[in-house]
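Read through the structure below, which is laid out as structure tokens, and then see the notes.
The values are calculated or read from the model by the stated rules, or taken from the named source; none is laboratory data. The model shown is predicted, which means the values in this text are computed figures rather than measured ones. Cβ sites come from the backbone with ideal geometry, for glycine too, and all protein chains shown count toward neighbours. The protein model used for the area step is the full one, side chains on, heavy atoms only, and it has no ligands, DNA or RNA in it. Shrake-Rupley method; radii C 1.70, N 1.55, O 1.52, S 1.80 Å.
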Amino acid sequence: MITLTIDGKEVQVPEGTTVLRAAEQAGIHIPTLCDHKHLFPYGGCRMCLVEVEGARTLQPSCTLPAANGMVVYTNTPAVREARTFVLTLIFSERNHFCMYCPVSGGDCELQNAAYGQGMTEWPLQPNWQPYPVDGSHEFIVLDHNRCILCRRCVRACAELVGNFTLGVQERGASTRIIADLDVPLGESTCVSCGTCLQVCPTGAIIDRVSAYQGRLKDVTRIKSTCVGCSVGCGIEMIVRDNRLLRIEGDWDAPVNQGVLCKIGRFDPLTDQGERILTPLVRRNGGLKATTWDEALQVVASRLQTMKGRNGSGIAALASTRLPVEALYSFKQLFADKLDSGIVTSIEEGVTTALPGWVARKLGKPFEGTLDEIHNADLVLAIGVDLVENHQVAGFFVKRILPQGCKLVVIDPYDNGLHALADFSLRPKKETDYDLLVGLMQVIASLGAVRTHPIGTHDLTRHTPDNVGRTTGVPAEAIREVGRLLAEAEHPVFIYGKGLTRASFPTALEALLDLARMAGALGDTHSAVIGTKGQANSMAAYLFDLDKAFDLKGHQVAYLALGDDRPGTRLLEQIENVPFVVVQASYASPLTDRADVVLPATIWAEQAGHYVNLEGRLQEARQGLTPPRDVRSNLAIFQALAEALGITLDENWRDALQQRVWIGQPDACR
Amino acid sequence: MPKPKVATDWLAACAGCHMSLLDMDERIVKLVELVDIRATPITDLKEPDENGVDVGVLTGAVNTTTNEEVARRMRSRCKILVALGDCAVFGGVIAMRNFFKLEDALKRAYVETESTDAEGKVPADPELGVPTRVRAVKEVVKVDVCVPGCPPDADTIFYVLSELAQGRIPELKDEKLQWH
């Protein structure tokens, strides 16, 4: 530990702590602009200058490591004068007129810094040089006139997202943030994650939807969980007058630490189509608006007559975007009480049934958490495209590659990760097992087995040359990847749908054995991660909602979609079902086909829990008030149960524990 | 002791700062008890007393030679000059024009506007002030107190005038320091 004195206060900090962080720890505020707690110190803006006893000049506290016996002053006349001077120069460089800027009034760190120094004017007037405004992007506007060149966006794009789209060109007053080799942002390699937007301290990077729609003091911020996929990122909903203005990543969230992807940040703000605002019942061939009482009666009476008619009665399907509470009520109502023939989820267990089977066979969870990626020196991704889906997990991988982490991608199909991989293996279809055993063989031949495999694999037959012939992957690549796995100190294995879609578990079991041999899976530690599918795939698995939705012979189909938008396959499946109930937020061909439509809340209008891909139980909060006649998915199941004279319990926490978990089960306790 | 005399005038402004002055509602009665309000653009007397006032308030940016004259006249007739509002303090919305060439701005305003017919031309009457680069008041005359805001809140204006009336230079911070 290091002891230093800041403004007369003695502070103890670990070695390597900067003076700025030490001051924060002591509750002393030093104004900053380029600094951001989630980015590496940069030392670009000089707002954080402090006086250090014995130092020749003022020192930037953000890059100055604390040293034993250091005596620091953060608020001397010289420091205050320097801060005002720094601000004076920044204001003189570009167009920083606040009166027509969307972030003025609390959201602008530059303005707040000026207020902090009590500035009532600019000592130097601007030099009136206009800079371009890049409005080419679908969601983000880049206004160079407001830019103070702190490079937070550039650093966030690299350090947090690993995308390296943003950079800087030219020098001096001509310095400009650019995308790629100075192409419009909308035509660049930008993945629209919006992290730059979230870290920009001024109005230089703004988003189209929320600009000019409400200042900090006009809006409400609600912490919640993204339901865009199974990663389960922490978000903040920024709401004004029951309108969702913006979604930001929650810097304090354990899963994503502030980072979001396009699906979580921007997609929910785009036009989602026509909402269903009242219950509808089919009469004389057409869907007619009706009351909840009538709609529930129509559904209840039909369900009552079909109750328990296994195979020819009720088939029920719920979206894996529904909260745990709703899924639990759904399961109780349709499986336990109505004894329906099929009770499953929209994903039909495609991402969970297989790992679930393996977990049950092992008698315990076998997956680790996403945190494992942060320290990886080798990532092996198999059957999973983290550029397309589960993007935040993909950012975690991409951002550690410059630190020397090796990436091995195994996927016969197009995969966004192929381009970034050190080794891109494209085995022939259905030969994953052979390839994985081939890699085991290399590790074994190098005498580098760290934990012995559980399964029995024919290593002698799976030489690189033999496996090369079976899989079409060059034998040399198999040797090289095997060697990397043998040498890696912290290998991480990520698998996805490409592996779990297979109907037999051998490839997944081989992957686990490979992970064991490489030291990534032991009794107390796992660096194996399965991406699953939607926000509550895991909860659906834990409630046994992972069977195939085979409708043959069923007389009633109950589709609890919520705000999910299933593909056309479901429409084809229900084509010949005599009575179809659709519980949905948005109008779709499925609601058009329905006999009864029950209007349900969207994600932001309901509260509940989600179990993410790691097995982490997280809370999603309500940010918006639903339209008058729209009910939450849980409330609809409860009302339906009441109409049927059925009592539902709310012991979902206990029910979750009934099955063997795939990932960490502790979060739920 | 006689009440301090206050005169206000506007330069290139939207009148919003003077509206904000009126927005102090019944406190204007209290203000009149504290100060002797002389010339303002919204009262009958338009020009500050020739024998001087204690406090002169200017709103708006310096946009033409006429604005320059008005600013100089106020400066020469007051002891303490207050620049009130973002246009007077920084140049404000008016100063957006500085990011373009003056000729382009005049052409856009008088010739190319959608509502202008083929007769449109830039006014050149010798009676008119000549447009200049837009400047903050302090670029033309010395300013003693800057009160930013677009417009400054009525509370802020009341505070500033009441402090000046009592012989103190107002210190703007927290809620009273707003640049928008």
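Here the simple spin-label model places points 7 Å from the Cα toward Cβ, and for A:ARG501 and B:GLU69 these points are separated by 8.1 nm. Among B:ASN98, B:ASN67, B:ASN51, the largest mean-square fluctuation in a Gaussian network model of chain B, built with springs joining Cα atoms closer than 10 Å, belongs to B:ASN51. For chain A, averaging the sequence separation of C-alpha pairs within contact (under 8 Å, six or more residues apart) and dividing by the residue count gives a relative contact order of 14 percent.
Comparing each chain alone with all protein chains together (probe 1.4 Å, DNA, RNA and ligands left out), the residues of the range B:94-115 losing at least 50 Å² of accessible area are B:PHE99. Which Cα, out of A:ILE276, A:LEU303, A:THR291, lies furthest along the positive dipole direction of the range A:268-311 (beta carbon charges, K/R +1, D/E -1)? Farthest towards the positive pole: A:LEU303. Across the range A:310-369, the volume of the C-alpha convex hull divided among the residues equals 116 Å³ per residue. For B:SER162 and A:PHE40, the FRET efficiency from 1/(1 + (r/R0)^6), where r spans their Cβ atoms and R0 equals 56 Å, is about 0.70. The 3J(HN,Hα) values that the Karplus relation (6.51, -1.76, 1.60; θ = phi - 60°) gives for the range A:637-644 are, in residue order, 4, 5, 5, 5, 4, 5, 5, 8 Hz. Gly and Pro appear as x. With each label modelled as a point 7 angstrom along the Cα→C-beta vector, the A:PHE85-A:GLN12 pair spans 3.8 nm.
For the range A:292-353, the relative contact order comes to 39 percent (Cα pairs under 8 Å, sequence separation of at least 6). Sparse packing (at most 13 other Cβ atoms within 10 Å of the Cβ) combined with a DSSP loop state is found for the following GluC sites (Glu not before Pro) in the range A:593-669: A:GLU650. 3J(HN,Hα) couplings calculated from phi for the range A:537-547 with the Karplus curve 6.51 cos²θ - 1.76 cosθ + 1.60 (θ = phi - 60°) are, in sequence order, 3, 5, 5, 4, 4, 5, 9, 6, 9, 9, 9 Hz; Gly and Pro show x. Simple rule: put +1 on each Lys or Arg Cβ and -1 on each Asp or Glu Cβ in the range B:52-180, find the dipole, and look at B:ILE80, B:THR65, B:ASN98; the Cα lying farthest toward the positive end is B:ILE80.
Accessible-area loss of 40 Å² or more (1.4 Å probe, protein heavy atoms, chain alone versus all protein chains) is found in the range A:103-123 for A:TYR115, A:THR120, A:GLU121, A:TRP122. Legend: distances between Cα atoms for B:LYS46/B:LYS107; A:LYS428/A:LYS497; A:LYS361/A:LYS428; A:LYS331/A:LYS547; pairs beyond 22 Å are B:LYS46/B:LYS107; A:LYS361/A:LYS428. Dividing the summed -39500 (n - 2.57) terms of all DSSP H runs of n ≥ 4 by the residue count of chain A sets its mean residue ellipticity at 222 nm at -7500 deg cm²/dmol. Taking all C-alpha pairs of the range B:73-136, those more than 20 Å from each other amount to 48 percent. Sorted largest first, the principal axis extents computed over the alpha-carbon atoms of the range A:398-542 equal 41, 33, 31 Å. Computed about its Cα centre, the charge dipole of chain A is approximately 560 debye, with only Lys, Arg, Asp and Glu carrying charge at their Cβ. Starting from a Cα-only point model with no solvent, please compute log10 I(q)/I(0) by Debye for the range A:339-454 at q = 0.12, 0.16, 0.22 1/Å. Values, matching the q order: -0.57, -1.00, -1.48. With r as the distance between the Cβ atoms of A:LEU571 and A:ARG283 and R0 = 25 Å, compute the FRET efficiency 1/(1 + (r/R0)^6) and round to 0.05. Rounded to the nearest 0.05, the efficiency is 0.70. What the Cα atoms of the range A:157-256 give is an Rg and a Dmax of 15.5, 45 Å.
Packing around the peptides A:451-461, B:150-160, taken as the average count of other Cβ atoms within 10 Å per residue, puts them in this order, highest first: B:150-160, A:451-461. For the protein assembly as shown, the Kirkwood hydrodynamic radius from C-alpha pairs, put into Stokes-Einstein at 20 °C and a viscosity of 1.002 mPa s, yields a diffusion coefficient of 68 µm² per second. Taking every DSSP bridge with both residues inside the protein assembly as shown, close to 45 percent are antiparallel. If the label point is 7 Å along Cα→Cβ of A:LYS428, which residues in the range A:463-482 have backbone nitrogen under 18 Å from it? Under cut-off, by backbone N: A:463-478. Maximal additional length on extending the A:ASN127-A:ASN242 stretch stands at 37.2 nm, based on 0.36 nm per residue less the C-alpha distance. For the range A:558-659, dividing the convex hull volume of the Cα atoms by the residue count gives 145 Å³ per residue.
At an R0 of 45 angstrom, the distance between the Cβ atoms of A:VAL168 and A:VAL449 translates into a FRET efficiency of 0.40.
On the principal axes of its alpha carbon atoms, the range B:1-115 extends 55, 30, 25 Å, with the longest extent given first.
For the protein assembly as shown, the solvent-accessible area works out to 42 Å² per residue, with a probe of 1.4 Å and every protein chain left in place. Pairs of Cα atoms nearer than 8 Å and 6+ residues apart set the relative contact order; for chain B it is 27 percent. Counting, for every residue in A:93-99, the Cβ atoms of other protein chains within 10 Å of its Cβ and taking the mean gives 6. Measure out, as a whole number of angstrom, how far apart the alpha-carbon centroids of the range A:355-395 and the range A:477-536 sit. Cα centres, the range A:355-395 to the range A:477-536: 7 Å.
Taken over the alpha carbons of the range A:104-223 as equal point scatterers, the Debye sum produces base-10 log I(q)/I(0) values at 0.15, 0.17, 0.19 Å⁻¹ of -0.75, -0.94, -1.14.
Spin-label model, A:GLU619/B:VAL130: points 7 Å from Cα along the beta carbon direction are separated by 7.0 nm.
Computed packing ranks the peptides A:421-434, B:79-92 as B:79-92, A:421-434, most packed first, by mean other Cβ atoms within 10 Å. P(r) for the range A:528-593, from all Cα pairs and a bin width of 5 Å, is 4, 14, 23, 24, 19, 10, 3, 2, 1 %, short bins first.
Relative to the dominant Cα principal axis of chain B, helix B:154-165 is inclined by about 60°. On full extension, the segment bounded by A:THR270 and A:LYS552 gains 97.8 nm, given 0.36 nm per residue less the C-alpha separation.
Mean residue ellipticity, 222 nm, helices only, chain B: the sum of -39500 (n - 2.57) across DSSP H runs of n ≥ 4, divided by residue count and rounded to 500, is -8000 deg cm²/dmol.
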